[in-house]
Amino acid sequence: MKSIIPAPFWLMLLLSVYPFGSVMAQQSPHVNLQAEMPAEGGMQKTEEILSALSKQKWQWMADKNVDALAPLFHKESKFVHMSGSWKKDRELEIIKSGSIWYKNTVVHDCDVEIVGQTGVVWSRITLDAHVRGQDVSTEFTTTEVYVNTAGNWQLLALTFSSVRDTHKIEH
């Protein structure tokens with residue numbers, strides 16, 4: 001079921017995506033709050049907000065912008081990679097140190113579902129990364145689980161599933 005947010009609530013949802021809007025805009029030149037304003041008619045879909053947030057997250061990861069990522073990652077968040085699973089603090093340290101450098105992410109397809117206060121973003125991506133001293137390019141389907149707590153969307157889980165380049169996400 002797709003949700004459409006009435007015009008009076010779009011600003012509240014927008015601010016929940018970027019809980020520290022002006023601070024984060026100063027920390028990352030890639031944050032453009034104007035780009036998140038609702039389309040004509042005054043409506044913005046929650047799915048579009050989460051899709052944009054997901055794409056912004058990839059850019060923050062490429063930029064190693066842990067200051068922007070820290071409030072996005074829920075305190076109980078978990079990350080499942082090809083080489084292991086870990087929690088928020090380790091993921092932020094990995095990003096900051098560059099032991100995994102998410103150099104560029106191309107999102108080929110994306111589907112978002114909202115159930116209550118939970119949003120799931122499935123993306124088919126090509127990830128160019130620097131891992132253990134080597135540049136790699138890998139096809140993944142990622143599953144991101146976001147939870148809306150106290151009006152803020154936060155990433156609770158991120159899982160990378162290695163897939164063939166012909167893999168399609170069912171919408």
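Taking into account only those residues within the stretch 108-152 that are of a type in the set (D, E, K, R) and part of a strand (DSSP E or B), which is nearest to K75 (Cα to Cα)? Once the filter is applied, the top-ranked residue is E144.
Looking at the stretch 137-149, is at least one residue at positive phi and out of contact with any Pro (no Cβ under 8 Å at 6 or more places or on another chain)? No, the conditions are met nowhere in the stretch 137-149. Taken across the stretch 65-77, residues that are modelled with pLDDT of 95 or more and in a loop (DSSP other than H, G, I, E, B) do occur, with at least one present.
Based on this model, can you work out whether D89 counts as closer than 25 Å to E47 by Cα and either surrounded by fewer than 17 Cβ atoms within 10 Å (Cβ to Cβ) or of a type in the set (A, V, I, L, M) (or both)? The answer is no for D89. Considering only residues that are assigned to a helix (DSSP H, G or I) and in contact with a Ser or Thr (Cβ under 9 Å, 6 or more places away or on another chain), look in the stretch 44-56 and name the one that is farthest from V131 (Cα to Cα). Step by step, filter the stretch 44-56, then rank; the result is T46.
Of all residues in the stretch 131-150, at least one satisfies being more than 14 Å from the chain's Cα centre (by Cα) and closer than 22 Å to K45 by Cβ.
G41 falls short on exactly one of the conditions (1) more than 14 Å from Y146 (Cβ to Cβ); (2) surrounded by 15 or more Cβ atoms within 10 Å (Cβ to Cβ); (3) at pLDDT below 95; (4) of a type outside the set (A, V, I, L, M), and that condition is (2).
Scanning the stretch 139-160 for residues that are of a type in the set (S, T, N, Q) and more than 14 Å from E113 (Cβ to Cβ) gives T141, T142, T149, N152, Q154, T159. Among what's in the stretch 98-114 and is buried (at least 18 other Cβ atoms within 10 Å of the Cβ) and not β-branched (V, I, T), pick the residue that is nearest to the chain's Cα centre (by Cα). Per the stated criteria, the residue is C110.
Taking every residue in the stretch 84-100 that is under 12 Å from F73 (Cβ atoms) and touching a residue at least 12 places away in the same chain (Cβ under 8 Å) and pairing it with any residue that is surrounded by 13 or more Cβ atoms within 10 Å (Cβ to Cβ) and of a type in the set (S, T, Y), at least 6 positions away or on another chain, the pairs with Cβ-Cβ distances below 8 Å are K88/S77; E91/S77; I95/Y102.
The values are calculated or read from the model by the stated rules, or taken from the named source; none is laboratory data. Just so we're clear, the structure is a prediction, and the values are computed from it rather than from any experiment. Cβ sites come from the backbone with ideal geometry, for glycine too, and all protein chains shown count toward neighbours.
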